[in-house]
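Q: Input: one structure, supplied below.
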Amino acid sequence: MSQSRPQFSCPGCARKYPWKSESAGKKAKCKCGQLLTVPAEAEVDDEPIPLDDAALPPAPAEQANCPACSEPMEPGAVLCLNCGYNVRTGGQVTTQIGGAKAAAAPAPTPASSSRATDTAYPGRRRRGPVENESAGSTKMYVILGAAVLLVAMGVGGWIVFKGTGGAKANVPRLGDDATVERMIEDERATDLQEWIKANPARMLAGKTPGQAIALEDRLKGMGATKVLAFGGGVMSLSIAIELPQTPAQRRELFDWYRRNNKPLEPRPPVQDVGQRYLLFFPGL
């Protein structure tokens, strides 16, 4: 048996379905597979509609993405199979661990940061790949810088060592002119002022270039015949003072030497025994 009632047609196959005002605007799916929308008004048609066509299947729900991890979810699904996010509760599912119910973990944000907090140490930020690489590079630069510094110190020490006569620069015994003369010859000792002026980078230990030049002027003013610096390096730790023959001038130079010479270890006072040279270490 059939009856006449308000109806509408499928735009794909022209199949007719009963129309109801409460269904107007809703999505539906025809038996032919066509997705359609129930019209706002029924069609005017006197052709009866079979009762077995009265049940129109609803349109399938559109597929959605998980708001936490953005992975696709099945239509109508409440739980994300990828991260466990619950669409209804806004959190992750709880689990049973050892018979006790674990606390629900907060849902991850859609755009998680690489600078997340380390869960093993609360409050400490977990380093991302870029930060780990940066930390490794910094450590490498520190090690490289320390190696360069050690090399520079070694080279500088060698230059000072050579410039001061090396192991031969030990203080000779009182009146040991032969040792001083051998040092002067082996280390190419030259006039202190000329030695400094030949290279602006040169220094006498404990003195600026100007102070070194003034020191030579003072010693020669007291009667010193020569004031010699050692070596061809950039620094000299000692100078050789050639003494005059005049007794008064020798006394003045020995008095000055005793006031200013400060050896690293106690020694008997330097006496005038007729020696030709005095070695002076201005940096001590």
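Q: Using the 10 angstrom Cβ neighbour count as an exposure proxy, how do ILE239, ILE213 rank, fewest first? Don't jump to the answer; show the numbers that get you there.
A: Details: ILE239 26, ILE213 16.
Sorted ascending by nearby Cβ count, the order is ILE213, ILE239.
Q: Still on this structure, please answer the following. How long is the gain from ALA201 to ALA214 if the chain were fully straight, where each residue apart is worth 0.36 nm and the alpha carbon distance is subtracted? Don't skip to the answer; put the middle values down first.
A: Details: separation 13, 0.36 × 13 = 4.68 nm, distance 1.72 nm.
Using 0.36 nm per residue and subtracting the Cα-Cα distance, I get 3.0 nm.
Q: Let me ask something else about it. Could you work out how much longer the chain between GLU242 and VAL273 gets when fully extended? Use 0.36 nm per residue separation minus the Cα distance between them, nm to one decimal. If you can, show how the numbers build up before the last one.
A: Working: separation 31, 0.36 × 31 = 11.16 nm, distance 1.40 nm.
Between GLU242 and VAL273, full extension yields an extra 9.8 nm.
Q: Need the full-extension length gain, GLN34 to GLU71, defined as separation in residues times 0.36 nm minus the C-alpha distance. One decimal, nm. Numbers along the way, then the final one.
A: Working: separation 37, 0.36 × 37 = 13.32 nm, distance 2.77 nm.
Result for the pair: 10.6 nm of gain on full extension.
Q: Calculate the FRET efficiency for ALA24 and ARG88 from the Cβ-Cβ distance with a Förster distance of 30 Å, rounded to the nearest 0.05.
A: Details: r = 29 Å, r/R0 = 0.97.
Between ALA24 and ARG88 the formula returns 0.55.
Q: Near the amide H of TYR85, under 5 Å away, which other amide H atoms are found, from residues 5 or more places off or on another chain, if H is placed in the peptide plane?
A: CYS80
Q: Considering only TYR277, ILE213, ALA224, whose Cα is most displaced toward the positive end of the charge dipole of segment 167-280, charges sitting on Cβ of Lys, Arg (+1) and Asp, Glu (-1)?
A: ILE213
Q: Right, another one. So if we plug the beta-carbon distance of LYS262 and ILE143 into 1/(1 + (r/R0)^6) with R0 = 41 Å, what FRET efficiency do we get, rounded to 0.05? Provide the component values of the computation, followed by the final result.
A: Values: r = 40 Å, r/R0 = 0.97.
Efficiency for this residue pair is about 0.55.
Q: Provide the per-residue ³J(HN,Hα) series for segment 188-202, in order, calculated from phi with Karplus coefficients 6.51, -1.76, 1.60 and θ = phi - 60°, each as a whole number of Hz, with x at glycine and proline positions.
A: Values per residue, Gly and Pro as x: 6, 4, 9, 3, 4, 5, 5, 4, 6, 5, 6, 8, x, 7, 6 Hz.
Readers should treat all values here as calculations from the given coordinates under stated rules, not as data from a laboratory. Nothing here was measured: the structure is a model prediction, and the numbers come from that model. We place every Cβ from the backbone using ideal geometry, glycine too, and count neighbours over all the protein chains shown.
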